[in-house]
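Here's the structure we're looking at; comments come further down.
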Amino acid sequence: MKPPPFSYAAPTTLAEAVGLLTEHAEAEPRVLAGGQSLIPLMNFRLAKPGYLIDLRNVAGLSGIRREGDILVIGAMTRMSELERSPEVAVAAPLLAEAVGLVAHIPVRNRGTVGGSLAHADPAAELPAVALASDADLVAAGPAGSRVIPAAEFLTGPFSTALAPDEILTEIRLPVWPGGHAFVEFSRIHANFAVVGVAALIDLDGDRIRRAALALTGVAPTAIRATAAEGVLAGAGAADVTAAAEAAGAAVEGLTPAGDLHASPQTRIALARTYLRRGIELATSRARNER
Amino acid sequence: MTTANRADAPPVRDHSAKRRWVGQSIRRVEDPKFLLGRGGYIADRITPGTLHAAVLRSPHPHARILRIETAQALAAPGVHAVITGADAAELCNPMPDFGPDPARHTWRCLAADKVRYVGEGVAVVVADSRYLAEDALELIEVEYEPLPAVVDPERALADGAPLVHEALESNCAYERSFDFGDVERDFAEADLVVRDRLRWHRSGGQPLETVGAIAEYDLGTGSFTIDTNTLSFTSYLFMAANTLKVPANKLDIRPVPAGGSFGSKLFANKPAVIAAMCSRATGRKVAYLEDRVDNISNCDHHGSDRIYEVELAMMRDGTMRSIKIDVIDDYGAYIQFGVGHHGNALAQVVGPYTIGSVRYRVRAALTNKNQQGAYRGFGSEVNNWMLEQMVDKAARELDLDPVAVRRKNFIREFPHFIPTGNVYDSGDYDRVLDKALELADYSHWRAEQKRLREEEGRYIGIGLISAQERSVFSATEFWFWFDDPGAPVTSTPESVSLKVDATGGITAILYSCAFWGNSPETMVAQFVAEEFDCSPYDVSIVYHGSRDGLPATGPGGSRTTVMLAGAVEGAAGKIKEKARRAAAHLLEIDPDDMEWSEGGFQVKGDPERKKSLAEIAIALHLFKHSFPADMESGLDESKVFDHPYTTMPSADRKDLGVFYPFMGHACHVPVVEVDIETGAVTFLHYAAVHDCGTLVNPRSLAGHIVGGTAQGIGTALYEEFVYDDDGQLLSSSFLDYLIPSAMEVPELVIGHVETPSPYTPYGVKGGGEGGRMMAPAAINAAVNAALYPLGVRLTELPMTPERILSALRAAGQAG
Amino acid sequence: MAPTTCTISLTVNGHPHVAEVEPRRLLVDFLREDLGLPGTHIGCEHGVCGTCTVLLNGASIRSCITFAVQADGAEISTVEGLAHDGELHPLQDEFAAKQGLQCGYCTPGMLMRACEILAENPDPTPAQVRSAIASNLCRCTGYQFITEAVIGAAARMRATKEAAS
């Protein structure tokens, strides 16, 4: 399973990288980050980019820094770095927990946060984290930079709002240090998830002030569970039926596709179970913080 | 009732001698090269200038090939040849095929006029590199005429189903019903008949290394030399030579270490044939290494794929009287080993129980899937599962303890002939069960099961199964399916040559012996060390190819250890016989007054008058005139060791004779928890006790038990080659064919019991397959025990979360 | 028309190399064929099984889903670099002692991953080892003796370190 041939460049600046995307547009160019999603597809010959623009030498695309209430993460930041970052652990523990569930360490040593988001696998963890966190994604193109809210970023399975000549440069994650949980069901440990849930719970006393929930594996993209969030808002933190009710509301009207691993009915059941478990875990963590 | 001769048992051996090396868990002789990264696997042996082949696989499950355009591919950079299925049908004869009617279910290395499964090869490209070969594959244009696919085996057998092989005029490649003993009487007298329908879906070996071959055609001699990681049945290689249209003595196949097989590299000749065909066509050395998708979709080694309708006749007190088995086996598009997988089942069809009669009806269905081959257990593991499911069901229906029911029916006198005619040579099933219950902490977990359900609403189940693990098959099981077999073969030899050099150093030559991760070198080294009182690490082991080697059958049916033991014993016996005479001559003593002791021959009771093996050897090698005229120089001997205990089937086939006599046994006791919200199954404990007779290297056998159990866990919970209703292969990569990781396999508590075989050297039996022969049955039992309070019983493997949740929903137990 | 190539410089097992590679050349093929280091094996070529694991700057990676060009400037460690002067690395020796291998095909990748595991945590529990090696599939052993071998090696490596200090 060898990949097809392609032309290749490893530019050193973002401008150069963007320029190459534009210049070689007819070759169906793609950006190469960690390659952990793209290269397997190329080995299967399901992806055949005529031009690969490797971002590994481009300065300024990785790193983690705090800007007030926002955690700014360079798109080329390796997942293993996120996993180990004390800053991420404190400011965005949901992200830290989710990253730890992405495949295995050898994959996280190479895979990047930007690569995962731009690949937009409906089963992936990080797009759900971005959605739940109301993150902003920053893209650079020939006309300059623009901010794409996470809610607008995911447009379909393996498809995003990025234009063919744009490169994701940064993820800006609002800090949410409180109650969080990323839980998922996979058949083999650390394999891709059948269903996943990102849950953020913010308490006011012993009531839920705000909840943010995102689901993977039940729709063409990761989705926000806004109906469920509505059920939880104002509910008591110790109210177990609220979590179950919220989970029920979240799956109403969902029509997931089935596959050899799970039928639509099973996906719905798993989503409900994991939503409930995610909400309970996030809430208990929020309470323990107090 | 039977006309088979029961008097042909080999002499009972005396195993009382003390042993120095056999029974020791020594470090494996094979390991250093693998640890250093110098394993010498097939892909490591590609020399500069070797060309690479890549196969174009069919995207259709069933289609006529109307047209193949190869001109563009042939013109692509680095391409030396493009061979289509039609070309291959001219260059080669059909593949070696032990099926019931090869002329009508003809199997070729590439599909010629139609494709019969997704993944079947339709053309091969030979290029300077695999990269370039795959580039060229994309330039081949194939026009297909899709045909309706037949995927479900029951529908395949129904009237009007699309035919996989028109010439066969049916999708039923074989059908027969056998009766052993008085089934009708036993059922008439039964108090209760327990019935069930069970479904076992296909999984497969999927070793981490795929099949590969490097072939060279020598124009000067018209010979093929093929290095490959698959080899067996060397006496049948004339069939592969015939495929390549050369005489048998112009084909040499040389074994190289394999990165695992579990059966999937047994007689897997297609890659070798493709490489050889390409070598002759290009005049160059050609390597064909399957990639992973080739191996999953096109490897010819999928496992059993069965539907059972079973009836078990019981007495109220728990006695098992009789069993009627009706099994449909989905063989896929070809049937290279016939229904041999059912011979494996018949070898131990009644398990460890005194069931008096058996009806066995087997129908082999052909469908548009990759064909079955060999997978650890070769069909007997499925029978174990089916039988143990029935026993547990019977226990429930009779309201009896499942452990007590098993004990009530245990065979206790040996050798014991089961209704099919096969023999169980030795065993002590009570001892294995007792040890398993102890290691499993059975009463503790029974209490925990109750407590956790009552206090925490958790569903824990303990599975307990007692089942057989046969070893060392006979050739009769290839043909006792037919009243008038074309080739009633009776040979399954294994050969070893031992050479003692002038320094007394010993070299053991293994013939066509595959290293698959079993430990043939370590086994042989331990046997040689035992015979000659040397260190096993001082034995040099050489692997010899097929053409100018002695006959060999290779690994399969857990036969290697016993057969190598016999071959070494035979060769060592001949060496010692000559050495005795030589030593006697040098010492001027009567040979009958000499005895072997501590590495040499001495006058009986007199260590002062002794010749060491080295002294004897140097004399034989260099000092011919010290010996009588009739004693040849040198000290090397060979033994072709044939199956020590095979008897013929009766003409009426009511007695199949002895064909798998060295019978091991095991008890597995897993404790599982089922998460009824997700269908996930996790292990809380797992005890496994095996009896494989005398153990040569206990640690090595334990390793096989754990590894086999891990594969059994895969079969029980995760692994399935999934074809959808249109015949598309959905699980075509490791993304979807799910192999257990370290987190899916628990730590096993392992126990050994040894009831030596009366018939083999040291009393050894084979044990390489046992873990996988037990685990699926045991895990299914455990899951069913966990879900019993909810009225749910799983009868289909693998027990995926989907199947578990569906069953819970059907029972009204899931949200 | 010859495909274009890139020049890469990298260190492998301490030896510097400069080479011309096609951009699509997978790192595993580069190591095995261009550098004559066949110890790293190919299992799946889609990044699932871990058979092809090597270390890049000390971190485990899957060389079947890495292009050789991506390793430009890096330090690669493969199984061939573990033994020194004919002496096995404690991990290799423990794998032999505990029979942590049967066919040996997953072993090089498993050894390299184990190096990383012990570098990060020199005193892991068996459960931690088992969880960490879940990244690497083994079809033969069922993982039990591999876990024992890694634990055994960890103890020896700790003892050596303590003796040295």
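Every number here is computed from the coordinates shown, using simple stated rules; none is lab data. Nothing here was measured: the structure is a model prediction, and the numbers come from that model. Positions of Cβ are backbone-derived with ideal geometry, glycine not excepted, and every protein chain shown enters the neighbour counts.
Shielding by partners for peptide C:46-56, expressed as the average number of C-beta atoms from other protein chains within 10 Å of each residue's C-beta, is 6.
Straight-line reach from B:K393: which lysines fall under 16 Å, measuring Cα to Cα and dropping same-chain residues less than 8 apart? Within reach: B:K324, B:K408. What is the distance in Å between the Cα centroid of region B:650-675 and that of region B:415-445? First find each Cα centre; the distance between them is then 11 Å. With axes computed from alpha carbons, what is the tilt in degrees of helix A:240-251 against the longest principal axis of chain A, rounded to the nearest 10 within 0 to 90? The answer is roughly 40 degrees.
Compute the projected area of the convex hull of the Cα atoms of the protein assembly as shown, averaged over all viewing directions, and report it in nm² to one decimal place. Intermediate results must be reported in sequence, preceding the final value.
Values: hull surface 206.0 nm².
Directional mean of the projected Cα hull area for the protein assembly as shown stands at 51.5 nm².
Within 10 Å of the Cβ of each residue in B:697-706, the mean number of Cβ atoms contributed by other protein chains is 4. With each label modelled as a point 7 angstrom along the Cα→C-beta vector, the B:Y788-B:E454 pair spans 1.6 nm.
Using R0 = 30 Å, the C-beta based FRET efficiency linking C:A155 and B:Y537 works out to 0.75.
Take the Cβ atoms of B:A811 and B:W596, set R0 to 51 Å, and the FRET efficiency comes out at 0.15. Projected label points at B:D483 and A:R146, each 7 Å from Cα along the beta carbon direction, are separated by 8.2 nanometres. Rg/Rh for region C:90-164 (Cα atoms only, Rh after Kirkwood) is 0.94. Take the Cα of B:R361, go 7 Å toward its beta carbon, and the backbone nitrogen atoms of region B:154-187 under 18 Å from that spot belong to B:154-159, B:171-187. Over the Cα atoms of region B:367-463, the radius of gyration divided by the Kirkwood radius equals 1.07; this is the Rg/Rh ratio. What is the distance, in nm, between label points placed 7 Å from the Cα along the Cα-to-Cβ direction at B:D652 and at B:S25? In this crude label model, B:D652 to B:S25 measures out at 5.2 nm. Each other residue within a Cβ distance under 10 Å of B:R27 adds +1 if Lys or Arg and -1 if Asp or Glu, for a net charge of 0. For region B:770-782, backbone phi angles converted through the Karplus equation (6.51, -1.76, 1.60; θ = phi - 60°) give residue-by-residue couplings of x, x, 6, 7, 9, 4, x, 4, 5, 6, 4, 4, 5 Hz, Gly and Pro being listed as x.
Of the Cα atoms belonging to region B:136-288, the radius of gyration and Dmax stand at 22.7, 74 Å. Electrostatic bookkeeping for B:L91 treats Lys and Arg as +1 and Asp and Glu as -1; over the other residues with beta carbon under 11 Å from its beta carbon, the sum is +1. Dipole magnitude for chain B: about 740 debye, using +1 per Lys or Arg Cβ and -1 per Asp or Glu Cβ, origin at the Cα centre. Hydrophobic, long helices, defined as DSSP H runs whose alpha-carbon span along the helix axis is 24 Å or greater and whose mean Kyte-Doolittle value is at least -0.5, occur in chain C at C:144-164.
Among A:K2/B:K33; B:K576/B:K611; A:K2/B:K270, which pairs are too far apart, with a Cα-Cα distance over 19 Å? Before the final figure, lay out each step's value.
Working: A:K2/B:K33 28 Å; B:K576/B:K611 12 Å; A:K2/B:K270 22 Å.
Where the Cα-Cα span goes over 19 Å, the pairs concerned are A:K2/B:K33; A:K2/B:K270.
Computed FRET efficiency, Cβ-Cβ of B:T682 and C:E120, R0 25 Å: what is it to the nearest 0.05? My answer for the efficiency is 0.45.
Can you tell me how much longer the chain between B:R155 and B:L400 gets when fully stretched, taken as 0.36 nm per residue apart minus their C-alpha distance, in nm with one decimal? It would help to have the intermediate numbers written out before the result.
Values: separation 245, 0.36 × 245 = 88.20 nm, distance 3.81 nm.
In short, 84.4 nm is gained.
Residues of region B:248-273 with the amide nitrogen closer than 18 Å to a label point 7 Å from the Cα of B:D548, along Cα-to-Cβ, please. Residues B:248-255 qualify, since their backbone N sits under 18 Å from the label point. Per DSSP H run of at least 4 residues, take -39500 (n - 2.57); add these up for the protein assembly as shown, divide by its residues and hand me the 222 nm value, nearest 500 deg cm²/dmol. The helix contribution divided over the protein assembly as shown gives -8500 deg cm²/dmol. The order of the peptides B:618-630, B:419-431, A:230-242 by mean Cβ neighbours within 10 Å, most packed first, is B:419-431, A:230-242, B:618-630.
Extents of chain A, taken as max minus min of Cα coordinates on every principal axis and listed largest first, are 58, 45, 32 Å.
For a paramagnetic label modelled on B:L163 (point 7 Å from Cα along Cα→Cβ), amide N atoms under 12 Å away belong, within region B:73-107, to B:104-105. With the alpha-carbon atoms of region A:64-173 aligned to their principal axes, the span from lowest to highest coordinate is 35, 31, 23 Å, starting with the largest.
When the P(r) of region C:6-81 is calculated, the portion above 22 Å amounts to 9% of the C-alpha pairs.
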